[in-house]
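The values are calculated or read from the model by the stated rules, or taken from the named source; none is laboratory data. None of these values were measured; they are calculated from a predicted model. We place every Cβ from the backbone using ideal geometry, glycine too, and count neighbours over all the protein chains shown. Areas reflect the complete protein model, heavy atoms only, side chains present, ligands, DNA and RNA absent. Shrake-Rupley method; radii C 1.70, N 1.55, O 1.52, S 1.80 Å.
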Amino acid sequence: MPFPGGPKETPEHREANKREGEEYLRIIMDEAGAARVAGEDLGVVPDYVRPSLQSLGIAGFKIPQWEIRDGMVIPGEMYDRVSVATYATHDHQPLRALWEQVLEHQDSDTERQARATLEKIALFAGLNSKIDQLYYEKDFYPAVMDALFRCNSWIAVVMITDLLARKYRFNVPGTRANLNWTRRIQRSIAKLRSNRKERKRMQLIRELLEKTGRV
């Protein structure tokens, strides 16, 4: 959406940007046919972008740890129906990686940032924000998956590394690391299926999807 924004933007510029962006998006929607269109509205965007997407029926993103109002985590039942909820995109660290950073980098900026993110997600999932009192597999993972699937968003998406509780990431924004965009799942589907722990995890996901009406 061509919404540059900026501190010197006039009301006339804002309206022109909004109008032009909606014209482009209507063309995209016409060409999409039966396919659904989602718009990335993350980061710093003008305040008219999300209402504009909503008026066009285009789903924006809901990242629970970023959905804060008056210092409080917004509950999933308050999400706009026309939205896509997810804990991470390809530019984010997986949840398990954040969890390990809390354990491995005590009293560091890395640990504090990871802890702050996980505490917000824990609150979103109805858990105690004191994550040191939680176990990842037994407490945190089931609760956060359930909360994501229960939210009001039309679509709930789980990055595959979060689904499988892996730590590796696909991209580190702002870097030219050799591993960016080269990662692959380290085990084949056949090996994942033969692993008892992974089968148990996928059974849990299936049960949560059924319970929340997502399948």
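With contacts taken as Cα pairs under 8 Å at a separation of at least 6 residues, the chain carries a relative contact order of 18 percent. Of all DSSP-defined beta bridges confined to the chain, some 20% are antiparallel rather than parallel. Considering only THR86, VAL102, GLN203, and ranking their Cα positions along the charge dipole of the chain that arises from unit charges at the beta-carbon of Lys, Arg, Asp and Glu, the one farthest toward the positive end is GLN203. Taking the Cα centre of the range 65-215 as origin and assigning +1 to Lys and Arg Cβ atoms and -1 to Asp and Glu Cβ atoms, the resulting dipole is close to 980 debye.
Derived scalar couplings between HN and Hα for the range 183-192 equal 5, 9, 4, 7, 10, 6, 4, 4, 5, 4 Hz in order, rounded to whole Hz, by the Karplus curve 6.51 cos²θ - 1.76 cosθ + 1.60 (θ = phi - 60°), x for Gly and Pro. Relative intensity of the range 126-215 on a log10 scale, I(q)/I(0) at q = 0.17, 0.20, 0.25 Å⁻¹, equals -0.92, -1.11, -1.26, per a Debye sum over C-alpha point scatterers of equal strength in the absence of solvent.
Only one residue of ALA156, PRO142, TYR168 has its Cα farthest out toward the positive end of the dipole of the range 109-182, where Lys and Arg carry +1 and Asp and Glu -1 on Cβ, and that residue is TYR168. Residues whose amide H comes within less than 5 Å of that of ALA156, counting only those at least five positions distant or on another chain, are ALA85 (H built at 1.01 Å from N in the peptide plane). Exposed loop sites were defined as trypsin sites (Lys or Arg not before Pro) in DSSP loop states (anything but H, G, I, E or B) carrying at most 15 other C-beta atoms within 10 Å; in the chain the longest segment without such a site runs 82-129. Solvent-accessible area assigned to carbon and sulfur over the chain amounts to 51 percent, based on a 1.4 Å probe.
Straight-line cross-link reach from LYS120 at under 23 Å between alpha-carbon atoms covers these lysines, not counting any fewer than eight positions away in the same chain: LYS62, LYS130, LYS138, LYS167. Note on ARG69/TYR48: beta-carbon distance plugged into 1/(1 + (r/R0)^6) with R0 of 25 Å gives a FRET efficiency of 0.90.
Of the chymotrypsin sites (Phe, Trp or Tyr not before Pro) found in the range 130-215, those in coil by DSSP whose Cβ has at most 12 other Cβ atoms within 10 Å are TYR135, TRP181. Binning the C-alpha pair distances of the chain at 5 Å intervals from 0 yields a P(r) profile of 1, 6, 12, 15, 17, 16, 14, 9, 5, 3, 1, 0, 0 %, listed from the shortest bin outward. Summing +1 for each Lys or Arg and -1 for each Asp or Glu among the other residues whose beta-carbon sits under 13 angstrom from that of GLU40 gives 0.
Could you state the number of Å between the C-alpha centres of the range 157-210 and the range 38-104? When both Cα centres are located, 20 Å separates them.
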